[in-house]
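**Student:** One structure follows; several queries about it will come next.
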Amino acid sequence: MLKDLFSKRRRYATILSEQAKKEIPEGLMTKCKQCGTITYTKELKKQLMVCAACGYHFPVTARERIEMTLDEGQFFEYDSDMVSKDPLGFPDYPQKLKQDMEKTGLHEAVITGEGTIKGYPVVIGVMDARFRMASMGSVVGEKITRAIERAIQKRYPFVLFSASGGARMQEGVLSLMQMAKTSAALAQLDKAGILFISVLTNPTTGGVSASFASLGDYNIAEPKALIGFAGRRIIEQTIRQELPDDFQTAEFLLSHGQLDMVVHRQEMRDRLADILDIHAHVHAERRGK
Ligand SMILES: [Zn+2]
């Protein structure tokens, strides 16, 4: 009997703490995934979604990224109505697209457009990992390609924030083709002498890391971002070797020469403006000669 009493009490206590949890209105506080520190979401947003205690970079939406990168009120969006079709008749694909559209308020996994960073005009693309894990479907590839073509026409530097789970399974080879298409467009941009800054955010994997995300004149990453082609487990199984703990992190890639910089989110806008400033001067000098 005594035992029963204790077990009931324990159950009661558990229920209470569950209720207590619910009393914190959802979204008011955010718990850091890395260190567990709880911060007011409002405060966290002011810190650009970086944990003040440990520096963990929370995922941000494409709209938030545009807001924290571009000058206020300076964004003009391209191709916002472009939506994916279901070319292979893949089961449930149209429904999944619809669900992600409702969940994110986006039409696809990338937003493209133009704006200014501290007064420097740029064409910008930002991928959003909430939409089909920012996998590269035909619309993602097409929007990025069109953005690059506009950067060539306008002679504006191109800045792309990538985040991706890789190819879009449901579009098969049409998804893989986007790697070649975007890379070809970037070759044209390069020929035209226009700057491309690629910023890789957590996670940038698969076909995106193996195409445009790695083709920047500058390849920059956010701290601790996971960047790689194949997943860790697949590589370990293939080569039958254990990989280092920090394998496929931004810091590992920087120390092995695959990245130019790892930049804290709170310094990103300043750093981008510095690079744009240097190149604006170089171009002005060239024109002068
Ligand atoms: Zn933290």
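**Student:** Considering every residue within segment 236-252, establish whether at least one is crowded, with 18+ Cβ neighbours inside 10 Å, in contact with a Gly (Cβ under 7 Å, 6 or more places away or on another chain) and within 17 Å of L160 (Cα to Cα).
**Tutor:** No; the residues of segment 236-252 include none that is crowded, with 18+ Cβ neighbours inside 10 Å, in contact with a Gly (Cβ under 7 Å, 6 or more places away or on another chain) and within 17 Å of L160 (Cα to Cα).
**Student:** Let me ask something else about it. Can you give me the number of residues within segment 260-285 that are at pLDDT below 95 and outside any helix (DSSP H, G or I)?
**Tutor:** Qualifying residue count, segment 260-285: 0.
**Student:** For segment 251-263, what are the residues that are farther than 13 Å from I197 by Cβ and out of contact with any Lys or Arg (no Cβ under 9 Å at 6 or more places or on another chain)? Write out each step before concluding.
**Tutor:** Let us first name the residues in segment 251-263 that are farther than 13 Å from I197 by Cβ, namely 251-258, 262.
Answer for segment 251-263, where residues must be farther than 13 Å from I197 by Cβ and out of contact with any Lys or Arg (no Cβ under 9 Å at 6 or more places or on another chain): F252, L253, L254, S255, H256, G257, Q258.
**Student:** So, of the residues in segment 30-83 that are closer than 16 Å to A225 by Cβ and touching a Phe, Trp or Tyr at 6+ places or on another chain (Cβ under 6 Å), which turns out to be nearest to the ligand (Cβ to nearest atom)?
**Tutor:** If we take residues in segment 30-83 being closer than 16 Å to A225 by Cβ and touching a Phe, Trp or Tyr at 6+ places or on another chain (Cβ under 6 Å), then Q34 is nearest to the ligand (Cβ to nearest atom).
**Student:** Same structure again: Taking only segment 47-92 into account, find how many residues are acidic (D, E), surrounded by 13 or more Cβ atoms within 10 Å (Cβ to Cβ) and part of a loop (DSSP other than H, G, I, E, B).
**Tutor:** So the answer is 3.
The values are calculated or read from the model by the stated rules, or taken from the named source; none is laboratory data. Just so we're clear, the structure is a prediction, and the values are computed from it rather than from any experiment. Note that we place each Cβ from the backbone using ideal geometry, even for glycine, and neighbour counts take in every protein chain shown.
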